[in-house]
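The values are calculated or read from the model by the stated rules, or taken from the named source; none is laboratory data. Since this is a predicted model, take the numbers as computed values, not measurements. So basically every Cβ, Gly included, is an ideal-geometry build from the backbone, and we count neighbours across all protein chains shown.
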Amino acid sequence: MARDAQRFRLQNNQEPSEPHVPEPMLAELQDNFEAVQTLFSTLGYPILDPLTTDRQRQERRALRCQGRGADARGAYTEDGLVVFEGSEVRLDTAESVPDSVLRRRENLREEGTLVEENGALVFTEDHPFDSPSGAAGVVLGRSSNGWREWKDRKGRTLDEIERQ
């Protein structure tokens, strides 16, 4: 289920075979699993809950983050800011880029979420970020205030749309 939810990359790709489990025990295990899933979500770790993928609704509320060598689209959701597949990310970074942004970009490249194409990095899939600023930092390759960098079609900032 964690793999299907697409919130995190699993390090263990093995899929065990399903052993024979008596029906009463299977029902009890499923109840326990649902309780664990609810507990994770309640504690703020929805690792087993699928990302919101209502793409048509997200496209209507799409935001853009643009800068030198970067043109990303995304949506602000209950999960944070989701950057859409195909978004372009600045290939190089500013000298003053924080280490956290460098590590995040490096991790995204290692796992294949960001790949180099035609002088830019491109998202190969929709990817959630906990904060708009984290997403903007990765996209722009520098320290960024995502509440001001992400804008709608009318040029309103995310701060204006969501906070004011």
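Restricting to region 12-30, count the residues that are assigned to a loop (DSSP other than H, G, I, E, B) and surrounded by 10 or more Cβ atoms within 10 Å (Cβ to Cβ).
Here the count works out to 1.
Residue check, Glu125 against (1) over 25 Å from Gln11 (Cβ atoms); (2) not in a helix (DSSP H, G or I); (3) not polar (S, T, N, Q), all met but one. Which one?
Of the numbered conditions (1) over 25 Å from Gln11 (Cβ atoms); (2) not in a helix (DSSP H, G or I); (3) not polar (S, T, N, Q), the odd one out for Glu125 is (1).
Out of the residues in region 92-107 that are in a helix (DSSP H, G or I) and surrounded by 14 or more Cβ atoms within 10 Å (Cβ to Cβ), which is farthest from the chain's Cα centre (by Cα)? Let's see the steps before the verdict.
From region 92-107, those in a helix (DSSP H, G or I) are 99-107; that's our starting set.
From the residues that got through so far, the ones that are surrounded by 14 or more Cβ atoms within 10 Å (Cβ to Cβ) too are 101-102, 104-105.
Details: Val101: 14, Leu102: 16, Arg104: 11, Arg105: 12 Å.
The extreme case among them is Leu102.
Looking only at region 63-90, count how many residues are surrounded by 15 or more Cβ atoms within 10 Å (Cβ to Cβ) and part of a loop (DSSP other than H, G, I, E, B).
Within region 63-90, residues that are surrounded by 15 or more Cβ atoms within 10 Å (Cβ to Cβ) and part of a loop (DSSP other than H, G, I, E, B) number 5.
Could you look through region 109-137, keep only residues that are of a type in the set (A, V, I, L, M, F, W, C) and at pLDDT below 95, and pick out the one that is surrounded by the fewest Cβ atoms within 10 Å (Cβ to Cβ)?
My answer is Ala120.
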